[in-house]
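Only one structure is covered here, and it is reproduced in the block below.
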Amino acid sequence: MPDAKIFPTTIEKILFIKKVDIFSEAIPESLLHVASIANEISVAKGEIIFTEGDPSVYLYLVALGKIRISREEREIFHAVQNESFGLVGLVEERQRATHAMALSDSTLLRVGHSDLFDLMEDYPAITRGVLRGISKVLRKLL
Amino acid sequence: MIRAKSLLRKVIDIRDDEIGTSILMFFYFFAIIASYYILKPVRNSLFLEQLGAKNLPWVYIGTASIIGFVVFLYNNLSKYFDKRYLVSGTIIFFLLNLILFRELFKLNVDWFSALFYIWVSVYSVLLISQFWMTANVIYSAPQAKRLFGFIGSGGILGGITGGGITNSIATSIGTENLLLVSAGILIFIVFIADRLNSKTRITQVDSTADSKPDQQDESVSKIILKSKHLQLIGIIITLNIMVSSFIDYEFNLIIEKSFSTIDERTAFFGSFFALMNVTSLIIQVFLTSMVLKRYGIGISLIILPLGLLIGSFGMFIYPVLLSAILLKITDGSLKYSLDNSTREIMYLPIPLNLKLKVKPLLDIFLQRFARGIAGIIIIVSTTFFGLGIVHMAGISILIILLWIFTTFGLKKEYLNSVRDLLRSREILPEHALSRTIDASTSQMLSEALKSQDNDTILYALKMLESTSFKSLVPTLKPLLTNKLPEIRQRTIKLFSKIGDPSFLPDIEKLLSDENYGVLSDAIQYVCMYSDKDKEIQLSSFLNSPDIRVRCAAIVCVANSTPKEELGKVQEYIDNLLSDKNADQTLVKTELARSLSSVKSPSPLHDNLINLLQDKDSIVRIAAIKASQKVQAESLVPYLIENLTDKKTVTLARNALAKYGKRIITLLSNALSDESQNIDTRSAIARVLGKIPEEMAVKYLISNLGHDSPYLRYNIIKSLNKLHNRNPELNIETGSLKKFLIEEVRRYYELLGIIMENNEVEKKNQTDDLLFTTLQSRLEYSFERIFRILALIYDPSDIYQAYHAITQGEKTLRANAYELLDNVLDIDLKELILQIVDDTSSKRKVEIGRARFGIEKKPFVQLITELYKEPDIWLKIAVLHTIGINKINELKLLAENGLFSENNVIRETAEYSLKLLRAV
């Protein structure tokens, strides 16, 4: 397991969030709000973060480690440092259709979908940034 | 070399990367016109001497006939040869022709002068057209406006030089040998043209994608017939050439009469062309760019016909040598300077591959065709009707008036073409949703309500909440027994909304419903419409252990009790709120919900004041929703308080907006209240943006001068919303212009800070939060400027221009620049175009400092000033930059941050000091 708290200060959390694909296009000051709803969690190697059918309530940002995302045993992708997963749930608000497991001891930032939506509703700059970030992720996938 | 470049930059508005090509273009045009003005005096004097001015119309017609063939040949050759080789080949062909003519003139045959006259016309038209085609490929519209003046002056200097050479050496080397001098210049032209065209080849191939696929294989005539813009260019060219031919004819007749020998005429032509080109040069240097940049194409298109109108009046009244000289000088000098540059700009919005097809036809064929028509008119009017110079001047006046009229249409079409170019990439901003239910929608909803899928039913019920649905009542009734409580509850609400008691038997069945929401709404409905003994019924409800039942009953009592007896109802409420055994969150939220059903106005609504201030956001949310419904003014200040909480801001905003015009003054006072925080004031601005009243517009504008960019952004955005949704609202543009200028000043100030920041910090710019923050603020500043412009001008034009500019593609940016250049008023044009221009940030900062007197400050001072601003994020970013870039001079600021009230500022200050200590 990694040592707890790799982001002891908000500024360090902001600097990390700024590098993550989905928030990379957001204006810097909006990240202060995102940092306030992002909680650091540690997951051990082999630990399951979510599985198919779980309620989709969080978006995860990988600060350290590697996460395997799969569907019905078929591997879809690996989320590594500065990448996010759990994004589809943010958009569709459905149950998880994938399974996420830590391939190594990992540190993640966990952002509640509803908290993020609240922020997006109140700060169009965040919405704009997140949409640009999603579009960037999609472009990468296509 | 560096000095020469800097001198050039001082004289003309030219960028570093444009200097090389523009100098080549300058000399290219210089050489073409110099060679032409060596040949032109020879051509004119030979013709007048051997065939006389009366025969000029015949060579006009001859030129028109030959040119048709030349264009046909040139177009066919262009299909088989690369443009680069075609241009060089044409020049070499003319060079060989000159050597041949030199030999032919030795034979002393009269009609050779007519042949040479026509040949010189073809020569000038083809070479000049080739030159402008190259220029069109190389330059965009904004570049053209800056540089065509300079490049065009090369041609005028060429004219002066060519005329000068003819004058000075004609007698010493002989007329025939002047052709060899011209041929020598052509060798120089071949090299320049080849160099320029080899540079532009790739651009040409790429730019074929500019046009729509179906346009690529169309014939030239079809393309012109489809484009009103091209048709108007064609009409103006025709009218221009016809008038020019009449003037040329009048001029030559007077010259023929005024000078008796060929030597006198040659000498006169030499000095006349020199004078004409000097005038052209003066216009080109001092007027062309200024008129194009300052007044735009509308005015520049009209100057030549206006000048010729005045000149032709002169000729009409006094048909003497002086009038002829003045008229011809006006024609020649303006045609080759201002008018030429303007006409080339008119082609710029035409997709390049279409332009390459169409331009030779318009410039070469149409020009000569018009000259041929003029020739026929002159022959007919002089031979058959015996008209003289005065009459020709009269005909010219009529044609010029038509020409002036056509320029207005051309300007309009030109702008439409620029708009089309931008619109083809436009993403539609918004789609309005219709709320009216037509027959087919009603049928669709009826089917949805009968669906087995509860999601579908709920969707249909939600749709019905905002519309009229009486025809769907039979379909709704069965839903009262639906398994899903939300469906039952929504159905009761819909029946309550209709206000019809006929559903009572069905709803009474729900008084024992296990779901609280259903039960509460059923009680309210029953209380409202039941005929039974209300007191007994109510008493059982009011004493129910179920909070929701009690609250619903309170509403029933309140709505059936006279105002003066409401004290009793207030007692029920107080008892409820002081019931320590009850879940107070549930009590309060249910009470709030119930109060919303108490008919307005009612003193009971004041209970919402406490609920709006409750510590629990769930209670406040319920109270806000109730306030939105009851709309008591006493609740407004407490709704405003809820704008500070992230959890309630959106609901509070919507609730306040629903109050509408009644609370505009209250809102504007809160907006101007410096004790309110910026987030609250921004939320108030957004509320005002939802109230379509001129007072709201007025108050929003009056707060535009605030220092906070975030507040300004929200105010402007609200104004945009009001303006877009309610274009009939009057917006006072005078004060908006004042704020726009101030916004531009702030833009330059910010750009200056970024420049200073860039110059000092090289260590870690991508991770530098201050740098990225300032960059994003600059983008927002730019957006604010355009948002204000959208309040002054057509929002659609400004929207298109903004998106084209921020997308970054060069051609789109150029088109946007062109649109703005033509749309903006003269007092704002320069101000805005300077920030839109592709010039370097460094240059922009210089412009901004000079224009607004912005002081250049040392980096440390700038950073300190930024830190002092009442902006938490800016303080965090400054502290971060101090640490990450190890700026020890600013250590004091970081130490100061340790004492901030804000937790994140304190943390960042510590983080920064740790980095400083690590040096």
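The values are calculated or read from the model by the stated rules, or taken from the named source; none is laboratory data. Everything numeric in this text was worked out from a predicted model, so none of it was measured. Cβ placement follows ideal geometry from the backbone for every residue including glycine, while neighbour counts extend to all protein chains displayed. Accessible surface is based on the protein model in full, side chains and every heavy atom, while ligands, DNA and RNA are left aside. Shrake-Rupley method; radii C 1.70, N 1.55, O 1.52, S 1.80 Å.
Condition check ((1) open to solvent by less than 10 Å² (accessible area, probe 1.4 Å); (2) out of contact with any Ser or Thr (no Cβ under 9 Å at 6 or more places or on another chain); (3) under 26 Å from B:V291 (Cβ atoms); (4) not assigned by TED's automatic domain parsing to the domain that holds B:I32) across all residues:
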{"site": "B:V120", "(1), (2), (3), (4)": "yes, yes, no, no"}
{"site": "B:T134", "(1), (2), (3), (4)": "yes, no, yes, no"}
{"site": "B:G155", "(1), (2), (3), (4)": "yes, no, yes, no"}
{"site": "B:G159", "(1), (2), (3), (4)": "yes, no, yes, no"}
{"site": "B:G164", "(1), (2), (3), (4)": "no, yes, no, no"}
{"site": "B:N167", "(1), (2), (3), (4)": "no, no, no, no"}
{"site": "B:N177", "(1), (2), (3), (4)": "no, yes, no, no"}
{"site": "B:L180", "(1), (2), (3), (4)": "no, yes, no, no"}
{"site": "B:V190", "(1), (2), (3), (4)": "no, no, no, no"}
- request: Mind counting the residues in region A:68-120 that are in contact (Cβ under 8 Å) with a residue 40 or more places away in the chain, away from chain B (no Cβ under 14 Å) and among the hydrophobic types (A, V, I, L, M, F, W, C)?
  value: 10
query: Among the residues of region B:675-685, is there at least one that is charged (D, E, K, R), more than 14 Å from every other protein chain (Cβ to nearest Cβ) and within 27 Å of B:I872 (Cβ to Cβ)?
result: yes
field: Within region B:91-107, tally of residues that are β-branched (V, I, T) and either in contact with a Phe, Trp or Tyr (Cβ under 8 Å, 6 or more places away or on another chain) or open to solvent by 30 Å² or more (accessible area, probe 1.4 Å) (or both)
entry: 2
B:D210 being over 30 Å from the mean Cα position of the chain (by Cα) and either under 22 Å from B:Y414 (Cβ atoms) or at pLDDT below 70 (or both): no
message: Kindly evaluate B:I826 against the criterion of being among the β-branched types (V, I, T) and at pLDDT 85 or above.
response: no
task: Say whether the condition of being in a loop (DSSP other than H, G, I, E, B) and either open to solvent by 10 Å² or more (accessible area, probe 1.4 Å) or among the polar types (S, T, N, Q) (or both) is met by at least one residue in region B:618-628.
output: no
message: Contact list please: Cβ distance under 6 Å, first residue in region A:121-142 and open to solvent by 100 Å² or more (accessible area, probe 1.4 Å), second residue modelled with pLDDT of 70 or more, pairs at least six apart or on different chains.
response: A:E121/B:T650; A:R132/A:E25
task: Look at region B:395-453 and say how many of its residues are at pLDDT 85 or above and among the polar types (S, T, N, Q).
output: 3
message: Quick check on region A:126-133. Is at least one of its residues more than 30 Å from B:T644 (Cα to Cα), in contact with a Ser or Thr (Cβ under 9 Å, 6 or more places away or on another chain) and away from chain B (no Cβ under 14 Å)?
response: no
query: Given the conditions (1) touching a residue at least 24 places away in the same chain (Cβ under 8 Å); (2) assigned to a loop (DSSP other than H, G, I, E, B), which single one is not true for B:L667?
result: (2)
- prompt: Right, B:N642: within 13 Å of chain A (Cβ to nearest Cβ), in contact (Cβ under 8 Å) with a residue 24 or more places away in the chain, among the polar types (S, T, N, Q) and under 24 Å from B:V619 (Cα atoms) or not?
  reply: yes
statement: Among helices (runs of 4 or more DSSP H) entirely inside region B:288-379, those with 1 or more residues being out of contact with any helix residue (DSSP H, G or I) (no Cβ under 8 Å at 6 or more places or on another chain) are B:289-317, B:321-334
message: Return the pair list, or none, for Cβ contacts closer than 9 Å from residues in region B:787-809 that are under 17 Å from B:L719 (Cβ atoms) and modelled with pLDDT under 90 to residues that are among the basic types (K, R) and surrounded by fewer than 17 Cβ atoms within 10 Å (Cβ to Cβ), at least 6 apart or on different chains.
response: B:S796/B:R423
- prompt: When only residues in region B:872-896 that are touching a Phe, Trp or Tyr at 6+ places or on another chain (Cβ under 8 Å) and within 14 Å of chain A (Cβ to nearest Cβ) count, which is most open to solvent (accessible area, probe 1.4 Å)?
  reply: B:K875
message: Regarding region A:22-34, can at least one residue be identified that is of a type in the set (S, T, Y), touching a residue at least 60 places away in the same chain (Cβ under 8 Å) and within 14 Å of chain B (Cβ to nearest Cβ)?
response: yes
B:G848 under 43 Å from the mean Cα position of the chain (by Cα), farther than 24 Å from B:D679 by Cα and more than 14 Å from chain A (Cβ to nearest Cβ): yes
- request: Identify, from the list B:K615, B:K588, the residue that is surrounded by fewer than 13 Cβ atoms within 10 Å (Cβ to Cβ) and within 25 Å of B:K647 (Cα to Cα).
  value: B:K615
message: Suppose the filter is more than 21 Å from B:N822 (Cα to Cα) and either modelled with pLDDT under 75 or not assigned by TED's automatic domain parsing to the domain that holds B:L126 (or both); does B:V320 pass it?
response: no
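Of the residues B:I299, B:I379, which single one is farther than 24 Å from B:S124 by Cα, among the aliphatic types (A, V, I, L, M) and without any contact (Cβ under 8 Å) to a residue 12 or more places away in the chain?
Only one candidate qualifies: B:I299.
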task: Search region B:218-232 for residues that are more than 12 Å from B:G409 (Cβ to Cβ) and pair each with any residue that is among the β-branched types (V, I, T) when their beta-carbon atoms are under 8 Å apart and the residues are at least 6 apart or on different chains.
output: B:V220/B:V358; B:I223/B:V358; B:I224/B:V358; B:S227/B:I350; B:L230/B:I223; B:L230/B:I224; B:L230/B:I350; B:L230/B:V358
query: Hey, any hits in region B:694-713 for a residue that's acidic (D, E) and under 21 Å from B:N654 (Cα atoms)?
result: yes
- prompt: Across region B:268-296, which residue is farthest from the chain's Cα centre (by Cα) among those that are free of Cβ contacts under 8 Å to residues at least 60 places away in the same chain, within 30 Å of B:I826 (Cβ to Cβ) and buried (at least 18 other Cβ atoms within 10 Å of the Cβ)?
  reply: B:T279
query: Which pairs have Cβ atoms under 8 Å, sit 6 or more apart or on different chains, and link a residue in region B:844-856 that is crowded, with 18+ Cβ neighbours inside 10 Å to one that is aliphatic (A, V, I, L, M) and not in a helix (DSSP H, G or I)?
result: B:G848/B:I854
